[in-house]
Amino acid sequence: MVPRFYNTLTRDKADFRPLDPSHVRMYVCGPTVYDRAHIGNARPLIVFDVLFRLLQELYRTSARVTYVRNITDVEDKINARAAERFPEMEPVAGIRRLTEETYQGFREDVGALGCLPPTVEPRATEHIAEMIAINERLLASGNAYLSEGHVLFSVPSMADYGRLSQRPLDEMQAGARVEVESYKRDPMDFVLWKPSNPSEPGWNSPWGYGRPGWHIECSAMAWKHLGETFDIHGGGIDLVFPHHENEIAQSRCAFHQPVMASVWMHNGFLQAEGEKMSKSLGNFVTIRDLLADWPGEVLRLTMLKTHYRQPIDWTLKSLEESARTLDDWYWFARDLTASSPDHAVLEALADDLNTPKAIAELHGLRNAAQRSGAEADLARFVGSLRFLGFLGESAEAWAARKKEAAGVDQAAVEALVAARLAARNAKNFAESDRLRDELAALGVILKDSKDPKTGAFRTEWEVRR
């Protein structure tokens, strides 16, 4: 099965062929650790986790897969937030505390979303030597220059700058001229290295004590862990310009390569209830906020119901629909033995990560397994769920966690459910209906069915949201 992916660089979908048939290499821009990740940040985490899983499955017998997702732990937003939160601490100590606390929170949030850890999770501060080396190469080639203690990339020195974003030159120039620093030769030139004062983080370099610009960090980490060129670079659509455009410029000019990455994949924007998410509108929500009310699997499924390149509207209704779907899947799957993911699910994902189609295939597998009751059909359904990052816990643990979060007297509800089941089995339907109404008044929803393996009648329950 040869996957096909849409490439932002070429604006078309094509067969994916690794540069090295024995080693598939992928880089995705990770978080800047100064604040909790918001739900928009979760989208690339989930999207590229699915891609990582797919690549591992498709190339498990022929190649190893390396997935690099970086941590930006040196950036001006970090400096400002650390000074705000820890004014009593020395600046560098405050920055270290902020980045460590934020990173640990990020790891917890990503784990709750069902994402696998990347193969490598490099930190920017651990790659200063590589950043300095790239700057030296760019200065030697004439693609960079020194000015007032800064090292800057000269955009006019690269003939095909802007190929990724395909923005008209005058549009890029207009954006660059909003605030033109005096040390720039051209408004579009961007900073590779800048001086630091004693209260700011910094490192000694050939150009004095300073710190890197944002864009150079990813070029350095990708080079260190994946090489001068690699297969896939991913991230949100908002990073195409200027971040990814500038990454390409730095890396290509430093290493004299025609491309930095063969395929560029970008997920679409996220809006909340039909509006752009922003703090000013009051609809800015973090992953941690949502995890307080919803299991991570619900957030994951809600993301995957929309194709990754399309904008997604994050709504309460969609979350509720995902919760109901997962309730059914967990109830039906139980703790059954899993097999490899179904071929139809893999085919859907191999077609530019078509997760809506993959989810439709899951519904079909579930229904087919219920009709047949065959162990092989059940195993394919369960295997496909696990492959997509679901069933991270047992069905019983899932149900118990949801009931605990609802805050009801579980023992009292279980007793009423058992009494109703006994009345139904005794064909005392009047008592069965009375108990059903009593449970409904408590906000409890009942789900009656037959066990797909034994045929015995059973009742599951959940609390209405």
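The values are calculated or read from the model by the stated rules, or taken from the named source; none is laboratory data. Here the structure is a predicted model, which means the values were calculated and not measured. Cβ coordinates were reconstructed from backbone atoms using ideal geometry, including for glycine residues, and neighbour counts include every protein chain displayed. Remember, those area values only see protein heavy atoms, side chains included, never the ligands or the DNA or RNA. Shrake-Rupley method; radii C 1.70, N 1.55, O 1.52, S 1.80 Å.
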- Restricting attention to segment 58-66, does a residue exist that is of a type outside the set (Lys, Arg), closer than 30 Å to Thr355 by Cα, surrounded by fewer than 21 Cβ atoms within 10 Å (Cβ to Cβ) and without any contact (Cβ under 8 Å) to a residue 12 or more places away in the chain? yes
- Is it the case that segment 235-252 has a residue that's aromatic (Phe, Trp, Tyr) and crowded, with 18+ Cβ neighbours inside 10 Å? no
- What number goes with the only condition from (1) at negative phi; (2) within 17 Å of the chain's Cα centre (by Cα); (3) not aliphatic (A, V, I, L, M) that Gly235 does not pass? (1)
- Item | Matching entry among Val263, Val298 (being over 17 Å from the mean Cα position of the chain (by Cα) and open to solvent by less than 30 Å² (accessible area, probe 1.4 Å)) | Val263
- Read through the list (1) surrounded by 15 or more Cβ atoms within 10 Å (Cβ to Cβ); (2) part of a loop (DSSP other than H, G, I, E, B); (3) of a type outside the set (Val, Ile, Thr), then give the number of the only condition that Glu228 fails. (1)
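For residues that are open to solvent by 20 Å² or more (accessible area, probe 1.4 Å) and under 17 Å from the mean Cα position of the chain (by Cα), tally how many sit in segment 266-276. Lay out the reasoning, then the answer.
First, the residues of segment 266-276 that are open to solvent by 20 Å² or more (accessible area, probe 1.4 Å): 269-271, 273-276.
Of the ones still in play, those that are also under 17 Å from the mean Cα position of the chain (by Cα) are 269-271.
Residues that pass the stated criteria total 3.
Which residues, counting only those in segment 13-32, are closer than 18 Å to Leu239 by Cα and in contact with a strand residue (DSSP E or B) (Cβ under 6 Å, 6 or more places away or on another chain)? Step through it out loud before you land on a result.
Restricting attention to segment 13-32, the residues satisfying the condition of being closer than 18 Å to Leu239 by Cα are 26-32.
Answer for segment 13-32, where residues must be closer than 18 Å to Leu239 by Cα and in contact with a strand residue (DSSP E or B) (Cβ under 6 Å, 6 or more places away or on another chain): Met26, Tyr27, Val28, Cys29, Gly30, Thr32.
So that you can scan it fast, the table gives a plain yes or no per residue for (1) part of a helix (DSSP H, G or I); (2) out of contact with any helix residue (DSSP H, G or I) (no Cβ under 9 Å at 6 or more places or on another chain); (3) free of Cβ contacts under 8 Å to residues at least 12 places away in the same chain:
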position: Val263; (1), (2), (3): no, yes, no
position: His266; (1), (2), (3): no, no, no
position: Glu297; (1), (2), (3): yes, no, no
position: Thr302; (1), (2), (3): yes, no, no
position: Thr306; (1), (2), (3): no, no, no
position: Arg309; (1), (2), (3): no, no, no
position: Asp313; (1), (2), (3): no, yes, no
position: Phe332; (1), (2), (3): yes, no, no
- Scan segment 329-365 for residues that are farther than 23 Å from His307 by Cβ and not hydroxyl-bearing (Ser, Thr, Tyr) and jot them down. Trp331, Phe332, Ala333, Arg334, Asp335, Leu336, Ala338
- Item | Filter result for Arg81 (part of a helix (DSSP H, G or I) and either surrounded by 22 or more Cβ atoms within 10 Å (Cβ to Cβ) or more than 16 Å from the chain's Cα centre (by Cα) (or both)) | yes
- Scanning segment 301-338 for residues that are surrounded by 19 or more Cβ atoms within 10 Å (Cβ to Cβ) and among the aromatic types (Phe, Trp, Tyr) gives Tyr308, Trp314, Trp329, Tyr330, Phe332
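Rundown of residues vs (1) within 22 Å of Val47 (Cα to Cα); (2) β-branched (Val, Ile, Thr); (3) modelled with pLDDT of 95 or more, yes/no style:
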site	(1), (2), (3)
Gly373	no, no, no
Arg386	yes, no, no
Lys403	no, no, no
Val413	no, yes, no
Ala426	no, no, no
- Message: If I ask for residues that are in contact with a Gly (Cβ under 8 Å, 6 or more places away or on another chain) and charged (D, E, K, R), which ones from segment 288-331 would you list?
- Response: Arg288, Glu297, Arg300, Arg309, Asp313
- Item | segment 409-437, residues that are farther than 23 Å from Asp328 by Cα, in a helix (DSSP H, G or I) and open to solvent by 70 Å² or more (accessible area, probe 1.4 Å) | Asn425, Phe429, Ala430, Arg434
- Give the residue that is surrounded by the most Cβ atoms within 10 Å (Cβ to Cβ), with candidates limited to residues of segment 1-29 that are part of a loop (DSSP other than H, G, I, E, B) and among the basic types (Lys, Arg). Arg17
- Message: Step by step: first the residues of segment 344-358, then only those that are open to solvent by 20 Å² or more (accessible area, probe 1.4 Å) and touching a residue at least 12 places away in the same chain (Cβ under 8 Å), then the one that is nearest to Asp49 (Cα to Cα). Which residue is that?
- Response: Asn354
